[in-house]
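Working notes, structure below.
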Amino acid sequence: MSAPVAIPETDILKPRWDKYGPHPYDQPDDGWDSAHEIDHVIPTHCCYCGMQCGMNLLVEKNRVVGMEPREDFPVNLGKLCPKGVTAYLQVHHPDRLTHPLIKENGAFRPASWEEALDLIERKFKEIQAKHGKDAVAVTGGASLTTERAYLIGKFARLGIGTKFVDYNGRLCMVAAAGANMKAFGVDRVASPWSDIPLSDVILCAGINVAECFPIQTRYLWEAKDKGAKLIVVDPRKTATARVADLHLQIRSGTDIALTNAILRILIEENLVNPAFIAERTNDYEAAVAAAMEVTVEDAATLCGVKADDIRRAALWYGHAKNAMVLHARGIEHHSKGVHNVLSYINLVLATGQIGRPGAGYGTVTGQGNGQGGREHGQKAEQLPGQRSITDPAAREHVAKVWGCSPDDLPGPGVSIYEQVDKILEGEIHGLISFCNNVAVSLPNQNRVRKAYTDLDFYVNVDFFLSETGRYADVVLPCAVWAEDEGTITNGEGRVIKINKAVDPPGEAKTDWAIMAAVAKRMGTERYFPFNEPREIFDELRKASAGGKADYAGITYEKIEANNGIFWPCPTEDHPGTPRLFEESFYHPDGRAVFHGIRYQTANEIPDAEYPFLLTTGRVVYHFLSGNQTRRIGFLRDQCPEPYVEMHPSSAKTLGIANSDLVWVSSRRGEIQLPARVVNTIRPDTLFIPYHWGDRQSVNLLTNDTLDPYAKIPEFKACAARVSRTQGGPCEGILAPDVSVGVLNATPETTGDPAKPDGGAS
Ligand code: SF4
């Protein structure tokens, strides 16, 4: 864990930035009249989670005026969640950025593209001349299309010439990715979601399907209707846990104790699959040795659940004809995230529950392109096709496609959180970020905000001014998902296509056009000759060919004709691969690998000073850092502010009543928010949703200890305390002011987070 960094109170940002919103209750110039003459119906997909539900955007005169769910897309079959039905309201939102902005004397002013690019060129060249090429870093995001995510890796390495590139999926799916690589030799969910209803037992670990991936609930219901048993492992009795046949309400961070106990029972009850283990796996003995070290009773004590419930889960899973393990951030957001995932994979391999209909395993991706965004090179250590940047053959292949020498490709960089270290240490001086909001989403926010204040020059590319954008010297406006085409790979490995409905507003450009424009100023435009996303995708197909994530045989036409194509798809006559591992795994010998995983505690455990275990997560109405959903009136009305869930017994001991305003503190910071006293949480645990910034960010508290393999932070377990503030019940005290009305077509000023008065004076 890094030491906390003290920064002035004034650097913890002020919530009011009127020009740039949020304006959640604005209405279109013509009101909400539904009498439109639709001239285009554009089939596309939701911009939010990894389900990528199908929807049609309804267009009238170059404006998106509505949407309808797509009945023809097999994932959602006409269903959308609250975020999906309101996603289109982003497109013409009054908060959209429409011009480049340059910060002068602590305030943003509109600028032309020429002026903004002149400044970027001068500053980046000055920084690189003084400190070397790697002194300018690049960050991307996993909501970007695969074309744009691919191009970010190329832009960093050849456009800017830096090794420092990474993305916000580092805060999301990388623990699963690391474990998948270690166990299976490839990083993709093993089974299509259509396999879920074919399972007899579904084990959901650290995944609140009902709120985080709402439409996936339909697969669980379908399985339950056929008689399947649902086991949920979660410290909270979530909406998903409430419909489970068995809820193991474990302490956050104790999954390995649980899985080892289950494996031990499977072994002792002869419920493992010896033929599968012998023919298709290696290193079973290591997993057995680790599992036999702790008794089921001791594991139950560590986890805080009944030993009999662990036995019941093991027997159900072990006796199932077909069983499925699904997991998400609940087991992945830990300093032992990769080990947590590997320990669940041990169960899958021991029972041979993989590679056939209804028998499977997989993580569910939080970000829309969580899968595709982590396959083609925007990760610090990766080249396209899930290739390693340190592999000479991979470097040669990609360099050939890119028209450069392998020696022109930098080596591996560091994770997006470790970039913060490099800024504070003076190694990174300049940064350009694409569509991420690290001033909300990274842990130990005081330290992150200090680092972004320290940057010599920062360019933020986004379509709304985010909390992170406020730190920028230049903000460049980009297109939203409805204003460009491209591919997304959803959480089951299905490559789908989003389509352009309307033009970007004002002078906003697509991210790929912005990369090409900056590259031109850096003298590297020869690597970015693209006129449309299709040309980028065709290059990506060549760059990924022969790699593990092989897209060579996927075309836009094929995607649209088949409602998506599952990779790997090496040739144009290949149908794609919905289910992996039917015959072999991806390691050279074709076998999967067990890992002997021993239980270790979270980096911080509760003590007398900080007696609670704090965990974080989502609510159904908001998406990630909230930069999109906090601007939509309906979503904001449903959940306007964060809160801390605590158990009635804990609340009583501390004299806290429901809705009281409380302080929640950790060793890194403190925030004030209302208490929500609920009996659905463990008495030793607190829960705070993470969709808010400024002083409402739970990431002011979270621990920045990283998993040693995946570099994912430990968002889901840190020590914390709660105390009641003076002043009685909270009645929306923390709800930010709502300002209505002003369009930002010609922005004038806004504040500077680095200035004590916000730059207003
Ligand atoms: Fe969008 Fe996910 Fe909701 Fe589907 S489940 S509508 S993809 S947010």
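The values are calculated or read from the model by the stated rules, or taken from the named source; none is laboratory data. This one's a predicted model, so the numbers in the text were calculated from it and none came from an experiment. Positions of Cβ are backbone-derived with ideal geometry, glycine not excepted, and every protein chain shown enters the neighbour counts. For accessibility, only protein heavy atoms count, side chains too; no ligands or nucleic acids. Shrake-Rupley method; radii C 1.70, N 1.55, O 1.52, S 1.80 Å.
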If you take every DSSP beta bridge whose two residues both sit in the chain, what share of them, in percent to the nearest 5, is antiparallel? 50
Can I get the semi-axes of the chain's equivalent ellipsoid? Compute them from the C-alpha gyration tensor as square roots of 5 times the eigenvalues, in angstrom, largest first. 38, 32, 26
Tell me, what is the per residue accessible area of the chain in Å², probe radius 1.4 Å? 33
Per-pair calculated FRET efficiency, R0 = 60 Å: Ala35 and Arg667 via Cβ, rounded to 0.05: 0.55
Whole angstrom only: what separates the Cα centroid of the stretch 331-357 from the Cα centroid of the stretch 633-685? 32
So what's Rg/Rh here for the stretch 441-536, counting alpha carbon atoms and using the Kirkwood radius for Rh? 1.03
What is the percent carbon and sulfur in the accessible area of the stretch 543-683, measuring with a 1.4 Å probe over the protein chains and ignoring ligands? 49
Distance between the stretch 47-72 and the stretch 559-585 - C-alpha centres, whole angstrom: 26
List the trypsin sites (Lys or Arg not before Pro) within the stretch 166-253 that DSSP assigns to loop and that have no more than 12 neighbouring Cβ atoms inside 10 Å. Lys226
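Tell me the net charge near Val677. Cut-off is 10 Å between Cβ atoms, Val677 excluded, with +1 for each Lys or Arg and -1 for each Asp or Glu. Please report the intermediate quantities before stating the final value.
Values: positive: Lys652, Arg676; negative: Glu645, Asp660.
It works out to a net charge of 0.
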Could you tell me which of the pairs Lys237/Lys711; Lys154/Lys548; Lys133/Lys716; Lys123/Lys520 are separated by over 25 angstrom between their Cα atoms in the structure shown? Lys237/Lys711; Lys133/Lys716
Per DSSP, loop GluC sites (Glu not before Pro) in the stretch 500-559 with at most 13 further Cβ within 10 Å: none
How many percent of the accessible area of the stretch 387-458 is carbon or sulfur, using a 1.4 Å probe? 46
Hull shadow area, averaged, the stretch 585-726 [alpha-carbon convex hull, nm²]: 11.7
If you take the square roots of the eigenvalues of the alpha-carbon gyration tensor of the stretch 295-384 and sort them as a ≥ b ≥ c, do you get rounded (a/c under 1.5), prolate (a/b over b/c) or oblate? oblate
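Would you mind counting up the charge near Gly523? Only other residues with Cβ under 11 Å from its Cβ, with Lys and Arg at +1 and Asp and Glu at -1. Write down the numbers at each step before the final one.
Values: positive: Lys125, Lys520, Arg521, Arg526; negative: Glu121, Glu525.
Computed value for this residue: +2.
Among the trypsin sites (Lys or Arg not before Pro) within the stretch 431-474, which fall in a DSSP loop and have no more than 15 other Cβ atoms within 10 Å of their own Cβ?
none
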Highest mean first, what order results for 292-300, 625-633, 144-152, 421-429 on Cβ atoms within 10 Å? 144-152, 625-633, 421-429, 292-300
Size of charge dipole - the chain - debye, nearest 20, with Cβ of Lys, Arg +1 and Asp, Glu -1, no other charges: 1040
The answer for the net charge of residues other than Arg591 whose Cβ lies under 10 angstrom from its Cβ, with Lys and Arg +1 and Asp and Glu -1, is -2
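Among rounded, prolate and oblate, which fits the stretch 554-640 when a ≥ b ≥ c are the square roots of the eigenvalues of its C-alpha gyration tensor, a/c under 1.5 means rounded, and a/b larger than b/c means prolate?
oblate
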Rounded percent of accessible protein surface that carbon and sulfur make up, the stretch 141-250, 1.4 Å probe: 49
Cβ-Cβ FRET estimate between Asn62 and Thr601, R0 fixed at 41 Å, reported to 0.05: 0.15
Which value at 222 nm does the chain reach when only helices count, each DSSP H run of 4 or more adding -39,500 (n - 2.57), with the total divided by all residues and rounded to the nearest 500 deg cm²/dmol? -7500 deg cm²/dmol
Projecting each Cα onto the charge dipole of the chain (Lys/Arg +1, Asp/Glu -1 at the beta carbon, about the Cα centre), which of Thr616, Asn56, His319 comes out farthest on the positive side? His319
Counting only DSSP beta bridges with both partners in the stretch 394-510, the antiparallel fraction in percent, to the nearest 5, comes to 30
Which of rounded, prolate or oblate describes the stretch 180-255 when judged by the alpha-carbon gyration tensor and an a/c cut-off of 1.5? oblate
